[in-house]
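The values are calculated or read from the model by the stated rules, or taken from the named source; none is laboratory data. Since the structure is predicted, the reported quantities are computational estimates derived from the model, not experimental observations. Quick reminder, even Gly has a Cβ in these numbers, built from the backbone with ideal geometry, and neighbours come from all protein chains shown. Surface accessibility is based on the protein's heavy atoms, side chains included, excluding ligands, DNA and RNA. Shrake-Rupley method; radii C 1.70, N 1.55, O 1.52, S 1.80 Å.
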Amino acid sequence: MELTHIEHLGIAVKSLEEAIPYYENVLGLKCYAIEEVTDQKVRTAFFKIGQTKLELLEPTCPESTIAGFIEKRGEGIHHMAFAVADGVANALAEVEGKGIRLIDKAPRRGAEGLDIAFLHPKSTQGVLTELCEKGK
Ligand code: CO
């Protein structure tokens with residue numbers, strides 16, 4: 001498996017409207033897109049720093065996993081996403097072969113048309129880890 005860069009960090013926030021001004025007015029970044037990902041029950045706001053994005057995640061309902069995360073641990077970094085060069089499905093097969101527990105057995109479609117899959121934080125020292133690649 002070849003990882004090329006940190007594609008994004010996912011940050012759980014209670015409210016995009018409250019969080020965006022910090023990133024724009026204090027850090028000087030520009031929110032370039034807001035997208036709702038209905039099957040993950042989140043609204044996302046995107047910022048870019050070099051090749052890496054920040055993805056703010058706001059729950060759209062109490063059943064959202066992001067709502068559960070904020071309830072349990074408060075707002076903060078939710079996951080780290082690596083860009084893989086040679087296919088998410090290949091990478092999943094490889095890490096599973098090395099005994100890593102998977103959340104997603106197969107890639108699914110995430111925000112911005114990426115193919116994504118999550119590894120279980122129990123197998124990754126507590127860091128919810130996403131592998132992603134631009135969808136084809
Ligand atoms: Co993500």
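Values computed for the structure shown
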| quantity | calculated |
| --- | --- |
| Qualifying residue in the stretch 49-60 (condition: open to solvent by 20 Å² or more (accessible area, probe 1.4 Å), at pLDDT 95 or above and among the basic types (Lys, Arg)) | no |
| Tally, over the stretch 89-125, of residues that are farther than 22 Å from Val42 by Cα and of a type in the set (Gly, Ala, Ser) | 6 |
| Conditions (1) away from the ligand (no atom under 12 Å from the Cβ); (2) farther than 21 Å from Gly135 by Cα; (3) modelled with pLDDT under 95; (4) not small (Gly, Ala, Ser); number of the one not met by Thr65 | (1) |
| Residue in the stretch 40-62 that is within 13 Å of the ligand (Cβ to nearest atom), in contact (Cβ under 8 Å) with a residue 40 or more places away in the chain, under 16 Å from the mean Cα position of the chain (by Cα) and farther than 22 Å from Pro21 by Cα present | yes |
| Whichever residue in the stretch 108-132 is within 15 Å of the ligand (Cβ to nearest atom) and in a helix (DSSP H, G or I) and, among such residues, is most open to solvent (accessible area, probe 1.4 Å) | Glu112 |
| Residue in the stretch 86-107 that is open to solvent by less than 40 Å² (accessible area, probe 1.4 Å), within 14 Å of the ligand (Cβ to nearest atom) and farther than 15 Å from Ser15 by Cα present | yes |
| The stretch 26-47, residues that are farther than 17 Å from His78 by Cα, modelled with pLDDT under 95 and among the β-branched types (Val, Ile, Thr) | Thr38 |
| Residue match in the stretch 64-80 (condition: in contact (Cβ under 8 Å) with a residue 12 or more places away in the chain, over 16 Å from Gly10 (Cβ atoms) and either among the polar types (S, T, N, Q) or open to solvent by 30 Å² or more (accessible area, probe 1.4 Å) (or both)) | no |
